[in-house]
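So the structure is just underneath, and the comments pick up after that.
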Amino acid sequence: MRVHPTGVVVTAALFIGLGDGCTAFKRWAYGEGASRDAWQQPERVIQVLAVRPGQRIADLGAGGGYFTFRLGDAVGNTGKVYAVDIDPGMIAYVQRRASEDGYRNVEVILAAPDDPRLPQDGVDLIFTCDTYHHLEDRTAYFARLKKYLRPGSRVAIIDHSGTTGLFVRLFGHFTSSSAIRSEMEAAGYTLEHEYSFLPRQNFLVFSRAEGLRKKESASESP
């Protein structure tokens with residue numbers, strides 16, 4: 001049986017209409033399992049990021065924890081992964097799953113729309129997948145996030161490119177590579193690497209701009 005694309009959109013809209021912030025629907029929309037693994041390539045993503053045991057990582061917009069628990073495996077018992085989301089339902093789901101599966105190194109954080117509320121001692125990596133396009137005033141947002149970054153830390157952004165997927169294109173759930181780079185540079189970051197192996201998404205890694213770090217260090221000196 002063929003399903004017209006419009007029918008898919010209408011069906012999705014009906015699910016959304018059953019309750020704003022429906023956790024079950026969001027988990028379905030984010031996708032899990034082999035069908036997503038094939039194009040998301042989570043193991044390769046974590047490998048190229050060179051995540052090491054003992055690191056502290058923020059999974060910004062963690063959703064149902066697709067990357068959260070994989071990152072938890074990578075940092076090990078001596079590391080920490082902060083699953084950050086503004087949706088209480090998703091936070092509760094990740095918390096329950098972490099407890100049931102024994103992930104003591106996963107901690108959930110209910111974020112504010114303009115602040116992830118990370119620990120003041122900072123993280124080694126801020127990682128975000130398919131969340132960037134949802135953020136308001138992204139340049140200002142990531143400029144504020146610099147206070148949570150430890151020396152030598154990075155920001156990894158994966159977001160839909162808009163080249164595939166009816167739902168993604170119809171609702172504008174994507175950001176171009178050039179827009180991400182421009183906004184992040186305006187926020188005080190330098191592009192370290194852009195990976196091209198994800199067929200549906202842009203994947204860029206940034207560090208704090210060197211000139212900005214020196215300026216801030218000088219201003220903090222007595």
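The values are calculated or read from the model by the stated rules, or taken from the named source; none is laboratory data. Just so it is clear, the model here is predicted, and its values are computed rather than measured. When we count neighbours, we look across all protein chains shown, and the Cβ atoms used for this are built from the backbone with ideal geometry, even at glycine.
The figures follow:
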{"quantity": "Residue count, the range 99-128 (criterion: among the small types (Gly, Ala, Ser) and either modelled with pLDDT under 95 or out of contact with any Lys or Arg (no Cβ under 8 Å at 6 or more places or on another chain) (or both))", "calculated": "3"}
{"quantity": "Test result for Tyr93, aromatic (Phe, Trp, Tyr) and more than 20 Å from Arg36 (Cβ to Cβ)", "calculated": "no"}
{"quantity": "Residue selected from the range 45-93 under the condition among the β-branched types (Val, Ile, Thr) and either part of a strand (DSSP E or B) or more than 18 Å from Asp124 (Cβ to Cβ) (or both), by the criterion farthest from the chain's Cα centre (by Cα)", "calculated": "Ile91"}
{"quantity": "Residue list for the range 127-141, restricted to those being out of contact with any strand residue (DSSP E or B) (no Cβ under 7 Å at 6 or more places or on another chain) and either in a helix (DSSP H, G or I) or at negative phi (or both)", "calculated": "His134, Leu135, Glu136, Arg138, Thr139, Ala140, Tyr141"}
{"quantity": "Positions within the range 103-126 being assigned to a strand (DSSP E or B) and closer than 12 Å to Ala83 by Cβ, in sequence order", "calculated": "Val106, Glu107, Val108, Ile109, Leu110"}
{"quantity": "Residue list for the range 137-175, restricted to those being hydroxyl-bearing (Ser, Thr, Tyr), closer than 24 Å to Phe197 by Cβ and modelled with pLDDT of 95 or more", "calculated": "Ser153"}
